[in-house]
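Enquirer: The structure that follows is given in the form of structure tokens.
Each value in this text was obtained by applying a stated rule to the coordinates, not by laboratory testing. This is a predicted model, so every value here is computed, not measured. Here the Cβ positions follow ideal geometry from the backbone for every residue, glycine too, while neighbour counts run over all protein chains shown.
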Amino acid sequence: MIKALLFDMDGVLADSEGLSIAVGIDYFASIGVKADESSFRDSLGCGERAFFDITAAKLGLSGSPYSYDEASAFFRKRYTELIRGRNIALPGAGIVEKARACGIMTALASSAPEWKVMANIEAVGLSPAYFDFIATGADIKRNKPEKDIYELCLINLGCDASQAVVFEDTKGGIESGKRAGCRVVSMLTTIGREEAELYANAAVDNLASIPDFSSSEELEDFLFPHSSELVRYGACWIKPLEKKLPYDAVLRAAIEAARKAWEHGYAPYSEFRVGAAVVSARTGRIYSGCNVENSSYGATICAERNAITTAVACEGAIGIDLLVVYSDDDPPAPPCAVCLQVIAEFARPETRIVLVTPDSEPVEYSFSQMLPRPFIFPKMR
Ligand code: THU
């Protein structure tokens, strides 16, 4: 359920990135340095300081004649002159009013200085009153890609991250929204589709590509059509197989696959063979692997990781419903800590880990029993 929309300004509501870059190029020209559009590519969307400092560094300037304070003053003067009387609304900026009419809260989260945010709001044809909260670069110490500006919005709106959708157009902005725990929709106004689809949860050409909606549910269905079918497995969202095969049969087949792999275990040094099998949640397929040791001991790869990497090579991101470890240890060997961390990337707390030996009954644990607090990279949580 979407309770709030959090908008970046430049490149999302306002067609101002080009204007900012033109003024930036003018500033560097004024100190005798030639910059072009590409000089600003890595510094967009992360606040004025980054806009100038990162670009200056890229141009090989570490001090005089470059000065951030002078650049900032130059920018404010020239930008204000250029924007006066202009309409810089990007198509679809009316979504802000539409959302409010449906009872969805709205916030603006721009790393730009406050004067620029206010000038842009006016030049877009909106009013500050259209937003339940406005955060600018002045409200935070750490700029995008840190999560602070979006977290500040969430706190002020009293909204849980899972119920807020961020609209962004730069890599740094997407990262910021993700780190705050929100779902992020990327505009294709500034970055390309490939990058947007890699980093954001959804991508649209611009806000005008979002059809009319009259409720939060309609908007959710358009932006995240499969979201209700997706289940989080560690760092991955997976659509699980609708009709699962009977568990007993799956377990038997997985044990047999792990046993066969165990027979192939390459363990001339430890003489301790291990086989493993994982069952993919999306397809129900079983992938196996065995340990592969090496003359340089540290280069050894465990059976579980070999099974998992094979599964990923065949399917892409996977969800693991069941993982079998086969050895002739007593008691049966569990996955090592490194393997548990790798399993964590693709497992749910209830994922079954079954330990098997040739002579004893299988022993079952849940993944959360084996690793109660797995580490998952913040933006993937
Ligand atoms: N081993 C595995 O295959 N999986 C584990 O989780 C633990 C250890 C293998 C690696 C090495 O070949 C042998 O067991 C002895 O450490």
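Enquirer: Just to be sure I follow: if Rg is taken over the C-alpha atoms of the range 341-381 and Rh is the Kirkwood radius over the same atoms, what is Rg/Rh?
Expert: Using Cα coordinates only, the ratio equals 1.10.
Enquirer: Could you pull out the GluC sites (Glu not before Pro) across the range 228-262 that fall in loop regions by DSSP (anything but H, G, I, E, B) with no more than 15 other Cβ atoms inside 10 Å?
Expert: GLU242
Enquirer: Which residues in the range 322-358 place their backbone N less than 11 Å from a point set 7 Å from the Cα of SER368 along the Cα-to-Cβ direction?
Expert: Within reach of a label on SER368, which here means backbone N under 11 Å from a point 7 Å along Cα→Cβ, the range 322-358 contributes 348-351.
Enquirer: Still on this model: So between ILE376 and ARG86, what do we pick up on full extension, going 0.36 nm a residue minus the alpha carbon distance?
Expert: 99.8 nm
Enquirer: I've got another one for you. For the range 17-83, what is the convex hull volume of its Cα atoms per residue in Å³?
Expert: Hull volume over Cα atoms, normalised by residue count, gives 74 Å³.
Enquirer: Also, I was wondering about something else. Would you kindly derive the ³J(HN,Hα) couplings of the range 119-132 from the backbone phi angles with the Karplus curve 6.51 cos²θ - 1.76 cosθ + 1.60 (θ = phi - 60°), listing them in order in whole Hz, with x for Gly and Pro?
Expert: For the range 119-132, the Karplus curve yields 4, 5, 4, 5, 5, 8, x, 9, 9, x, 5, 6, 10, 6 Hz.
Enquirer: If you don't mind, another one. Could you list VAL338, VAL12, VAL96 so that the one with the fewest beta carbons within 10 Å of its beta carbon is first and the one with the most is last?
Expert: The order, fewest Cβ neighbours first, is VAL338, VAL96, VAL12.
Enquirer: So, in Å, what gap is there between the alpha-carbon centers of the range 249-300 and the range 148-199?
Expert: 40 Å
Enquirer: Normalised by the residues of the range 247-380, what does the relative contact order come to in percent, with Cα pairs under 8 Å and at least six apart?
Expert: Normalised by residue count, the contact order of the range 247-380 is 19 percent.
Enquirer: Now a separate question. Going toward the positive end of the dipole of the chain, with +1 on Lys and Arg Cβ and -1 on Asp and Glu Cβ, which of CYS182, ILE104, SER127 do you reach last?
Expert: SER127
Enquirer: Next up: Once phi is turned into ³J(HN,Hα) by the Karplus curve 6.51 cos²θ - 1.76 cosθ + 1.60 with θ = phi - 60°, what whole-Hz value does each residue of the range 149-154 show in order, with x for glycine and proline?
Expert: With coefficients 6.51, -1.76 and 1.60, one gets 5, 6, 5, 4, 4, 4 Hz.
Enquirer: Dividing the convex hull volume of the Cα atoms of the range 247-380 by its residue count, what figure in Å³ per residue is obtained?
Expert: Per residue, the Cα convex hull of the range 247-380 comes to 110 Å³.
Enquirer: When the convex hull of the C-alpha atoms of the chain is computed, what volume per residue in Å³ does it have?
Expert: In the chain, the Cα hull volume divided by residue count equals 159 Å³.
Enquirer: Hey, could you grab the Kirkwood Rh for the range 97-161? Inverse mean 1/r over distinct alpha carbon pairs, Å, one decimal.
Expert: The Cα-based Kirkwood calculation yields 12.3 Å.
Enquirer: Could you give P(r) for the range 1-144, binned at 10 Å from zero, as whole percent values over all Cα-Cα pairs?
Expert: Taking all Cα pairs of the range 1-144, the binned fractions are 11, 41, 32, 13, 4, 0 percent.
Enquirer: Also, I was wondering about something else. Within the set LYS141/LYS171; LYS77/LYS147; LYS147/LYS171; LYS3/LYS98, which residue pairs have Cα atoms separated by over 23 Å?
Expert: LYS77/LYS147, as the Cα separations exceed 23 Å there.
Enquirer: If R0 is 30 Å, what FRET efficiency do you get for SER270 and TRP237 from their C-beta distance, rounded to 0.05?
Expert: For SER270 and TRP237, the calculated efficiency is 0.20.
Enquirer: What is the calculated FRET efficiency for ASP42 to SER162, with r their C-beta to C-beta distance and R₀ = 30 Å, to the nearest 0.05?
Expert: 0.50
Enquirer: Which of the listed residues, TYR269, SER368, PRO358, is farthest toward the dipole's positive end in the range 247-380, when Lys, Arg count +1 and Asp, Glu count -1 at the beta-carbon?
Expert: Towards the positive end, the residue furthest out is SER368.
Enquirer: If you don't mind, another one. Run through the DSSP bridge list for the chain and note the antiparallel percent, rounded to the nearest 5.
Expert: 45 percent
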